[in-house]
1. Check whether at least one residue in segment 49-71 is modelled with pLDDT of 95 or more, touching a Gly at 6+ places or on another chain (Cβ under 9 Å), of a type outside the set (A, V, I, L, M) and not in a loop (DSSP other than H, G, I, E, B), and report yes or no.
2. For ASN90, indicate whether it is touching a helix residue (DSSP H, G or I) at 6+ places or on another chain (Cβ under 9 Å), at pLDDT 95 or above and polar (S, T, N, Q).
3. Among the residues of segment 105-125, are any β-branched (Val, Ile, Thr) and more than 26 Å from ASP36 (Cβ to Cβ)?
4. Scan segment 25-37 residue by residue and report those that are open to solvent by 100 Å² or more (accessible area, probe 1.4 Å) and either outside any loop (DSSP other than H, G, I, E, B) or of a type in the set (Phe, Trp, Tyr) (or both).
5. Would you confirm, using the coordinates I've provided, whether MET40 is at pLDDT below 85 and surrounded by 10 or more Cβ atoms within 10 Å (Cβ to Cβ)?
6. Quick check on my filter: what residues within segment 86-110 are within 17 Å of PHE44 (Cβ to Cβ) and open to solvent by 40 Å² or more (accessible area, probe 1.4 Å)?
7. Would you mention how many residues in segment 25-53 are in contact (Cβ under 8 Å) with a residue 12 or more places away in the chain and either within 16 Å of LYS95 (Cα to Cα) or among the acidic types (Asp, Glu) (or both)?
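The values are calculated or read from the model by the stated rules, or taken from the named source; none is laboratory data. Not measured: the values here are computed from a predicted model. So basically every Cβ, Gly included, is an ideal-geometry build from the backbone, and we count neighbours across all protein chains shown. Keep in mind that these areas ignore ligands, DNA and RNA; they rest on the heavy atoms of the full protein, side chains included. Shrake-Rupley method; radii C 1.70, N 1.55, O 1.52, S 1.80 Å.
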Amino acid sequence: MNARTMNEDVALELCETECPSTERVALLKETVSDDDMLGMAEIFKALADPTRVKVAYMLDRGGELCVCDVAEVLGSSTATASHHLRTLKNKNIAKSRKAGKNVYYSLKDDHIRTLLHMTLEHQKERV
């Protein structure tokens, strides 16, 4: 693509005049706090890794899973599976409990389930 074509493409993406709607902009600025936006971005960052999305989806489908189960499905070491599970836990996507010598993980709540299902549905519509 040459420079002229790129500039034309950029021009198609810009408003030709400045005309923000004062009322709409004011309402949108009040909608969600910056802290909430940062928290949302952290969830998406955690799920930006395909392996972690797979792990989260496994937890959705399988319910509570042992680290060993996750490692087996991933075809990875338990250390690798544990790393991904810990990341999901630290980002408030998953929770864990220890039972004897094993650690079991599950999704934190139905909001994450909904996010996974809606994202998968959206992806399938694109195909």
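1. Checked against the condition, which is being modelled with pLDDT of 95 or more, touching a Gly at 6+ places or on another chain (Cβ under 9 Å), of a type outside the set (A, V, I, L, M) and not in a loop (DSSP other than H, G, I, E, B), segment 49-71 yields at least one hit.
2. Numbers: touching a helix residue (DSSP H, G or I) at 6+ places or on another chain (Cβ under 9 Å): yes; at pLDDT 95 or above: yes; polar (S, T, N, Q): yes.
Judged against the criteria, ASN90 is a match.
3. Our first condition is that a residue be β-branched (Val, Ile, Thr); within segment 105-125, this holds for 112, 114, 119.
Filter once more, so that each one left must be more than 26 Å from ASP36 (Cβ to Cβ): none.
No, segment 105-125 contains no residue that is β-branched (Val, Ile, Thr) and more than 26 Å from ASP36 (Cβ to Cβ).
4. So the first thing to find is which residues in segment 25-37 are open to solvent by 100 Å² or more (accessible area, probe 1.4 Å), and the list is 27-30, 34-35.
Within segment 25-37, LEU27, LEU28, LYS29, ASP34, ASP35 qualify.
5. Values: at pLDDT below 85: no; surrounded by 10 or more Cβ atoms within 10 Å (Cβ to Cβ): yes.
No: the conditions fail for MET40.
6. Restricting attention to segment 86-110, the residues satisfying the condition of being within 17 Å of PHE44 (Cβ to Cβ) are 87-94, 107-109.
Across segment 86-110, the qualifying residues are LYS89, ASN90, LYS91, ASN92, LYS108, ASP109.
7. So the count comes out to 7.
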